[in-house]
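In what follows, a single structure is set out as structure tokens and then discussed.
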Amino acid sequence: MRTTSPVVLSLLALGCVSEHGPLTNRMAQSGTRYLTRAARQPVSWQPWGREAFALAARLDRPVLLYVGADDCRWCAVMDREAYGDPVLGAMIDSMFVPVRVDRDERPDIARRYQAAVQWLAGLRGYPITVFLTPEGSAFFGGTYFPADDPVTGRGLKQLLPDVAKSYREQRGVILQKAALVRQLAVTHAAWARGVLQPAAVRSKVAAVRAVLQAAAGAHAALGSFMHTQAVSLLLATYARTGDSSYLGAARSVLDFMVDSGDAATVDVARDDPPSLVRAGLVRNLAVGWALTGDRRYRDAARLVLQRLTRDLGGAPDGAVFADREAYVIGSVLDAAPGVDDSAAARRALRALDGLLRRTYARDRGARHTPGGAGVHGLLQDQVQVAGACLAAYGYQGARRYLDVAADLAHVLDRDFADSVGGGYFDAVATDPVPPAVADRSKPVLDDLLPGANAWAARVLLQLAEATGDARYRRRAEATLEAFAGALAGEDVRASSYLLVAQHVLSPR
């Protein structure tokens, strides 16, 4: 059995002291309930920002970055068992600069380091536990770690001294590894461009069908947000081709989620915000009702609409994230007419008007959260708010919603477009982040929301159809081509992209 070394014990006794005095927990003034709860933990959590990374550089320590969320089962476990332990807290404070991020407040940071953990460890999911250089480059990480595991050596009490020792004694190797991870992300993005090929799109859609069929045959759980996007793709494919195998695969997921009720959004989708799973589901239920006439889908859609509209704008801690709220609103407005629920549509319109008042400014785009401290310049906010406005325009025909969507498309082109590689970056270039994170990503695959570039292409196609302006369609096609070479093996995660690509390639 391993024991803690005398050096580590002495560090624990000294605590974490910088040249300006003790490092203290700074979560009390955070903007979300998830972060403020961590103010009671015996870890000196720092907010994300240049100050924390500058402190790491002055102290010559690595950063321990932890990304969690309210809607994450293993985040709650790790918070309770690991970060609630005073001994472990003292160990962290003596060797690292600990930085804590709410996934839903800063989805751009979460996405970057989720990708880094995938490169480093082949793991996806939350929480994200990753060790960084003071420049922000990842060199070691994973997802959930237990507080103590002396048998395998994979508990934090075993890992933390090893990581700190490696950083001190093998700095060259650590920096090389961090540079390699960063370069992998840049190189992967460079391979993404390609040409939309109908045969390739059909093959990838068939692969999504096969994944769902295999999961249903194995009686696997089918209730994540990405599953709802895959069902949307398969239902649209059935409507276009009449191939009943696509309908059958889609119904295997719909039937599971209808029969499971809320269990499908609580027990199955462990990391997915339940409201987003319900929002993805309700679109599919409305389409499923239209395609099959199965009244279970209509009745289930009405129940889900009641739940969604009851919760719109009603976050218990007052936090509203524009991308998530807009996706829910757009889903309600898309689904409600199909199941004759005008009351739900009216409530969604009121929620959209409130969201626009709080988060949108003409020619400046949408901000992530209301108020002066909100994050500006996230791609997902722009495309989801634009999508909700186009859903409102389609439902009500009010020109003001179309004007907002067109203005947001202008903001996309001005502030987010990659003029070299095509597509759109996930954040504007002026966001104050450590140097390594200045390598902005261009998300296209589904995760907790539809892939932002896939949704951007969807918005542009809808604008082309609403305005008759062919330039929007050309921009949508160029966006899709920017990622045509990056989808191999992605299957379900590529569903939103494939749905839009099918629409572009279908005869006009």
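The values are calculated or read from the model by the stated rules, or taken from the named source; none is laboratory data. Computed from a prediction, not measured in an experiment: that's the story for all the values here. All Cβ positions, even for glycine, are placed from backbone atoms using ideal geometry, and neighbour counts span all protein chains on display.
Observations, loosely collected:
- Flag for ARG471 being at pLDDT below 95 and of a type in the set (Lys, Arg): no
- Reported count of residues in segment 467-481, each being in a helix (DSSP H, G or I), among the charged types (D, E, K, R) and over 20 Å from ARG202 (Cβ atoms), is 4.
- Test for VAL253: is it surrounded by 19 or more Cβ atoms within 10 Å (Cβ to Cβ) and modelled with pLDDT of 95 or more: no
Matching residues to (1) assigned by TED's automatic domain parsing to the domain that holds SER232; (2) more than 18 Å from the chain's Cα centre (by Cα); (3) more than 18 Å from ASP323 (Cα to Cα):
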{"residue": "CYS389", "(1), (2), (3)": "yes, yes, no"}
{"residue": "LEU408", "(1), (2), (3)": "yes, yes, no"}
{"residue": "VAL411", "(1), (2), (3)": "yes, yes, no"}
{"residue": "LEU445", "(1), (2), (3)": "yes, no, no"}
{"residue": "THR467", "(1), (2), (3)": "yes, yes, yes"}
{"residue": "ALA470", "(1), (2), (3)": "yes, yes, yes"}
{"residue": "LEU480", "(1), (2), (3)": "yes, yes, yes"}
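- Test set (1) in a loop (DSSP other than H, G, I, E, B); (2) under 19 Å from the mean Cα position of the chain (by Cα) - ALA484 fails condition number: (2)
- Yes/no for THR152 being over 30 Å from VAL420 (Cβ atoms), surrounded by fewer than 20 Cβ atoms within 10 Å (Cβ to Cβ) and of a type in the set (Ser, Thr, Tyr): yes
- Scanning segment 209-232 for residues that are touching a Phe, Trp or Tyr at 6+ places or on another chain (Cβ under 8 Å) and buried (at least 19 other Cβ atoms within 10 Å of the Cβ), we see that the one that is farthest from CYS72 (Cα to Cα) is ARG209.
- Set ARG124, ARG154: member being in contact with a helix residue (DSSP H, G or I) (Cβ under 8 Å, 6 or more places away or on another chain), over 18 Å from ARG40 (Cα atoms), modelled with pLDDT under 95 and charged (D, E, K, R): ARG124
- For segment 452-463, the condition of being modelled with pLDDT under 95 and of a type in the set (Phe, Trp, Tyr) holds for none of the residues.
So that you can scan it fast, the table gives a plain yes or no per residue for (1) modelled with pLDDT of 95 or more; (2) of a type in the set (Ser, Thr, Tyr); (3) within 25 Å of GLU105 (Cβ to Cβ); (4) buried (at least 18 other Cβ atoms within 10 Å of the Cβ):
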site	(1), (2), (3), (4)
ASP340	yes, no, no, no
ARG364	no, no, yes, no
GLY372	no, no, yes, no
LEU379	yes, no, yes, yes
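- Within the option set ARG362, ARG357, ARG346, being more than 25 Å from ARG103 (Cα to Cα) and either without any contact (Cβ under 8 Å) to a residue 12 or more places away in the chain or in contact with a strand residue (DSSP E or B) (Cβ under 7 Å, 6 or more places away or on another chain) (or both) holds for one residue only, ARG346.
- If you go through segment 8-41 and keep only what is modelled with pLDDT of 85 or more and either at positive phi or small (Gly, Ala, Ser) (or both), you end up with ALA28, SER30, ALA38, ALA39.
- Those residues of segment 334-370 which are assigned to a helix (DSSP H, G or I) and among the acidic types (Asp, Glu), in sequence order: ASP334, ASP353
- Subset of segment 378-397 [out of contact with any strand residue (DSSP E or B) (no Cβ under 6 Å at 6 or more places or on another chain) and outside any helix (DSSP H, G or I)]: GLY397
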